[in-house]
Every structure is written in structure tokens, then in C-alpha cells.
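The values are calculated or read from the model by the stated rules, or taken from the named source; none is laboratory data. Since the structure is predicted, the reported quantities are computational estimates derived from the model, not experimental observations. Note that we place each Cβ from the backbone using ideal geometry, even for glycine, and neighbour counts take in every protein chain shown. For the accessible areas, the whole protein counts, side chains as well, though only heavy atoms, and no ligand, DNA or RNA atoms are used. Shrake-Rupley method; radii C 1.70, N 1.55, O 1.52, S 1.80 Å.
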Amino acid sequence: MRCVVVGAGAWGLPAAAELAGRGHEVLLLDRHGVAGPLSSSSGPTRLWRLTHPDRPRVRLARRSVEAMERLARAGGSEIVLRRGLLWRDDATLDAVVDALAAEDVPHEVVEPGDVGRFFPGLRPDGRAAVRQADAGPVLAAGSMATQERLLRAAGGRVEIGADVVEVLTTTTGPVVVCADGRRFAGDVVVLAPGPGAAALLATLGVEVALRPSLEQVVHVGGPGDDTDHLPCLFEGPREGEPALYAMPTPGRGYKIGLDRAVRDLGPGDDDRTPDAALTAEILERVRRDLPVLTPVARDAQACSWTTSPDGRFVVDTLPGGVVVACGDSGEGFKFSALMGLVLADLAEGRSPDADVAAFSLARLDGLAPVTTHVLGR
């Protein structure tokens, strides 16, 4: 089967590698390159976790960990680190605890005054938390490099500089059209183009209210800080302050992001300059709430992030041999290795199981775009 995959990020690259590994003829197209600095897949780490407020995503997260561990074995390098997670969010705590309990995931509810025992020095704020051991950093750059090696070893081709602007469905199969006039035909096309998804889907007559934006993370810590073994942290929004998510990045510091977009991202916006005011806001949260860390920014990074109307990603098949994966909503990378298997199955014509089918386009009818994100960076 001839497979054209659009997007060499956290979903497209694993799909291409998996399809090539299954013996298909694969061409991967991307405008900037594998996990390039303008994508949502760049950077050394992302957060993975089983802690979700609904059972389907808990189950998918378990499958994703298994897929990441298989990828690590195939590539001969470590990809998943376990550091544990403290989740403090009064809006979702009960749902998270219920979902973990229903799926028999070990966890511990932490009283408000006891949070510092699970995250050193964390300031109590009156909210209870849940502590779960199955969480930690994904070594994202290593994961992407492994997927690219597997793709090329299986004979897959990568075409950089392909600016895909249209997808056509014809009687002989789908065709992608580039801005420079080049056309690439296949028996199936897998669309995983990140912020460009809405525009490409519109060429197929599918309207999805996706919101691309630019988000920012900062690595913090002083020269003597031992941050590599700290747990991960999620703090829900409170009293007008945005949510915070954080994780260790070995050798680089403690990575922290706030759920506050730098700006909405429009076509042609390639500026990835970090926002100094947002960096300062993160450091102030560190000073107040995380005294174990030295409030010094080692570096800052801005990357794209595309929110779906309900804050959950979209995975589906379309008529004419097109598979679509979009709307990462901040959770894309934790499901990266699993998404390769899922998208390859869909490309081969297999029906999705119930947990995957829950993310189809059909659920979005009548929904307006959301203005908040589901965190997971």
C-alpha cells in the first residue's frame, strides 16, 4: 500500500514509521523537518501520566506507556522515566480519583497540608491532591529520533520542504498538493499536520474549529539544584491564576509551563521568541510555591499547540482514503508511540476500538471552540 503521511511531528512520524515497518511504501512530508523548532514536537521532554479525569483516557494512557516501552526496546535507548506525579486541582480531583479507582490504578489521595511530603517544600493552598506513581518525563527528542531511525531503516522516505496546501480525493486514491505545485498520490493519506490541520481539512469539506496557539515553557533551577529526580506536578487554575504543569528534564533543569497562551497562531507565524513577561510570571510562581527550586530561568521555549473544540484530540477516517489526527490540545506527546499504532491500523482499514472511536469527528457537531486547554506538556 502506498502511504503519504503529512506532518513529521509526534503523531505523523510514528504513523509513518509503523506503516513502513509493516511493509508499506511510505512517504513522509513536512515543511520544516522532523520535530522541527516550529512544530509542537520539539524540545527534550514532555509529561506522561495515567492521571486523567475519565476512564477512556486512563486506558489509552496505559496502552501508550506500553507502546513507549516497546519503542524503547526497539531503539535500544531509554524513553520513559518514572518520577511520579502530584495532581492538585479541585475542579477535577474527584473525577480523577474515580477514574483511577475504576481502572484499578494505584493512587493516593493527599490531604491539603501534606502535599510537601510528596513534592519537597510545595506550599499548601488548601486543596487536596492525588499522588500517582506512573508518571514522568518522556524523553521526547530521543523518542522522535528513534522513530525516524525506524522509518528510514524500513525504507520510508522523508521529503522536507513540502508545504501541503490541499488534499484531493480521486477515483484512484487521495492526492496531496503542495504550494509549489508538486503532487503526491497514495492509496491512503494520513493527515497529522499540527496547526495546519483545519486548513487542510477544509479542502476536504470538513470544518473543525481548531485553535492553534503559541505556548511557552521555562527550565528553571540554579547550578547546584538537583532537579532530575523531582516528581512531576499539575496545579489546576485557582483564583484567577492559570494552571501550572511541570516535570524534570534530566541535565537541563525543571520544566514549567503555565496554561496561558503567548498568542493565537496564524498562518505564516514562524516567530518562536519566548515572552519575557510570561517567563517572569513563572519565576514568581516558583518563588512563592516551589522553594526547592532556584527561581532562575535556564532557558525558555515557545512551541505550537492546537486546541480542539472540547479540549480532546481528534482521530478519525474520512471518505476517499484519508486518516486524520489533529487537535493535540496539549496532550499529543504522551500518546505519540500509541498514535503510530492507531493511525497505522486506521490506514490499513481496521475499525477503531471503543476508546479510540470516542475521539472521532462526530462528537464535535454543534460544539463551540473552547478557550482553555487540557494540559500535558
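Against the main long axis of the alpha-carbon atoms of the chain, helix 12-21 sits at an angle near 60°. The residues of region 49-100 expose on average 40 square angstrom of accessible surface per residue, using a 1.4 Å probe on protein heavy atoms.
Only beta bridges with both residues in the chain are counted; by DSSP, about 70 percent of them are antiparallel.
Quick check: with the 1.4 Å probe, what order do 284, 241, 207 take by accessible area, largest first?
Numbers: 284 100, 241 60, 207 150 Å².
Result, largest first: 207, 284, 241.
Of all accessible surface on the chain at a 1.4 Å probe, what whole percent is carbon and sulfur? Roughly 51 percent, rounded to a whole number.
For the chain, what does the relative contact order come out to in percent, with C-alpha contacts under 8 Å and a separation of six or more?
After rounding, I find 22 percent.
Considering only 163, 328, 30, the Gaussian network model of the chain with Cα springs below 10 Å gives its largest mean-square fluctuation to 163. Largest mean-square fluctuation among 273, 294, 171, in a Gaussian network model of the chain whose springs join Cα atoms under 10 Å apart, belongs to 171.
Residue 95 to residue 54: extension gain in nm, 0.36 nm per residue of separation minus the Cα-Cα distance? Mind showing how you got there, number by number?
Numbers: separation 41, 0.36 × 41 = 14.76 nm, distance 0.68 nm.
Roughly 14.1 nm would be gained on extension.
Per residue, the solvent-accessible area of region 112-170 (1.4 Å probe, heavy atoms of protein chains only, all protein chains present) comes to 42 Å². Shown here for region 212-259: GluC sites (Glu not before Pro) in loop regions (DSSP other than H, G, I, E, B) with at most 14 other Cβ atoms within 10 Å, namely 239. Since only 262, 278, 190 are under comparison, the one whose Cα sits farthest along the positive direction of the charge dipole of region 140-288, derived from C-beta charges on Lys, Arg, Asp and Glu, is 190.
Subtracting the Cα-Cα distance of residue 165 and residue 180 from 0.36 nm times their residue separation leaves 4.5 nm of extension gain. Model label sites at residue 62 and residue 299, defined 7 Å from Cα along the beta-carbon direction, differ in position by 3.7 nm. Computed from the C-beta positions of residue 207 and residue 82, the FRET efficiency with R₀ = 35 Å rounds to 0.30.
Were the residues from residue 363 through residue 270 laid out at 0.36 nm apart, the gain over their Cα-Cα distance would be 30.3 nm. Out of (1) 56, 31, 17; (2) 35, 21, 20; (3) 109, 18, 17, which label holds the value of semi-axes √(5λ) of the Cα gyration tensor in Å that was computed here? For semi-axes √(5λ) of the Cα gyration tensor in Å, the calculated option is (2).
Largest GNM mean-square fluctuation among 231, 352, 223, using the chain with Cα springs under 10 Å: 223. The modelled label-to-label distance between residue 157 and residue 228, using points 7 Å beyond Cα along the C-beta direction, is 4.3 nm.
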